[in-house]
1. Inside the stretch 131-148, can you point out the residues that are within 17 Å of residue 59 (Cβ to Cβ) and in a strand (DSSP E or B)?
2. Out of the stretch 205-255, which residues are surrounded by fewer than 19 Cβ atoms within 10 Å (Cβ to Cβ) and not in a helix (DSSP H, G or I)?
3. Would you confirm whether or not the stretch 49-67 contains a residue that is under 16 Å from residue 112 (Cβ atoms) and surrounded by fewer than 18 Cβ atoms within 10 Å (Cβ to Cβ)?
4. Take the conditions free of Cβ contacts under 8 Å to residues at least 12 places away in the same chain, in contact with a strand residue (DSSP E or B) (Cβ under 6 Å, 6 or more places away or on another chain) and surrounded by fewer than 24 Cβ atoms within 10 Å (Cβ to Cβ) and apply them to residue 131. Does it pass?
5. Just to be sure before I move on: is residue 140 within 18 Å of residue 36 (Cα to Cα), at pLDDT 95 or above and under 13 Å from the mean Cα position of the chain (by Cα) in the structure I sent?
6. Of everything in the stretch 261-295, what is more than 22 Å from the chain's Cα centre (by Cα) and part of a loop (DSSP other than H, G, I, E, B)? Give them in sequence order.
7. I'd like to check something: does the stretch 167-184 contain any residue that is surrounded by 15 or more Cβ atoms within 10 Å (Cβ to Cβ), at negative phi, assigned to a helix (DSSP H, G or I) and assigned by TED's automatic domain parsing to the domain that holds residue 142?
8. Among (1) modelled with pLDDT of 95 or more; (2) within 30 Å of residue 43 (Cβ to Cβ), which single condition is residue 262 missing?
């Protein structure tokens, strides 16, 4: 397991640099307080390095970021107010996902098995701009960057210039916004705002791991952002062939390749495609006919 240290910050990289379903674990040590950002699957292997954590700050709520919340019951948990209910109960997480009941019935045992899922009803909220003083000059600040989820945040260790940017993860897959709490327009705005973070080190939840060169970070961010436009263009390409319903477009897929099957995939495709169609309608590129079929506006 690769382990990197940046002053008061330890970064423990998960398998394949935290490629989903694993993730990268950040631990921040102050003179008075030891803090973890999220708890991905790699947390299972950290032992004492994690056991001493007194506070877990979730950058956002999804199953792959909550693996050790049950094991670290004595540690306090905080999450942005917009994601709080999703951390506190299964019913809150189910609303967060927004999947049909049949999908949720398959999903819950899967995430309990693969991610040791346990809710934390004692979790409390933080807000945009919240600051944690850990002692000895170690300071963390939350920057609300919604889109992936309603409460998604970057957590910046200001004394080290290190930004944990969570699931703005710069992967080749591109942005994910397939849940009820996701928002395409907010994601676009967050991708523009993240450039202004005062950081010289960027840590992603997944796959990219640690970046320490700003030009490399900005190039990776632009490739990540461009996936949004590529997806819109692909949808327009589908509609150039013929008018199609949302159901037909979901069958053709936008995020995942045909044949990739998990219980939530059709729901994530439906949400994502609907968000793109709404954006294209607002831009005047697409219209919806009375029969429910989408077509090019011109």
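The values are calculated or read from the model by the stated rules, or taken from the named source; none is laboratory data. What you are looking at is a predicted structure, and each value in this text was computed from that prediction instead of being measured. Positions of Cβ are generated from backbone atoms using ideal geometry, with glycine treated the same way; all protein chains shown enter the neighbour counts.
1. Residues of the stretch 131-148 that are within 17 Å of residue 59 (Cβ to Cβ), as a first pass: 131-132, 134, 139-148.
Hits for the stretch 131-148 are 131, 132, 134, 139, 140, 141, 142, 143, 144.
2. 210, 212, 213, 242, 243, 244, 245, 253
3. Within the stretch 49-67, the subset under 16 Å from residue 112 (Cβ atoms) is 61-67.
When the remaining residues are screened for being surrounded by fewer than 18 Cβ atoms within 10 Å (Cβ to Cβ), the result is none.
No, the stretch 49-67 has no match at all.
4. Numbers: free of Cβ contacts under 8 Å to residues at least 12 places away in the same chain: yes; in contact with a strand residue (DSSP E or B) (Cβ under 6 Å, 6 or more places away or on another chain): yes; surrounded by fewer than 24 Cβ atoms within 10 Å (Cβ to Cβ): yes.
Judged against the criteria, residue 131 is a match.
5. Numbers: within 18 Å of residue 36 (Cα to Cα): yes; at pLDDT 95 or above: yes; under 13 Å from the mean Cα position of the chain (by Cα): no.
Judged against the criteria, residue 140 is not a match.
6. 283, 284, 285, 289, 290, 291, 292, 293
7. yes
8. (1) is the only condition that residue 262 fails.
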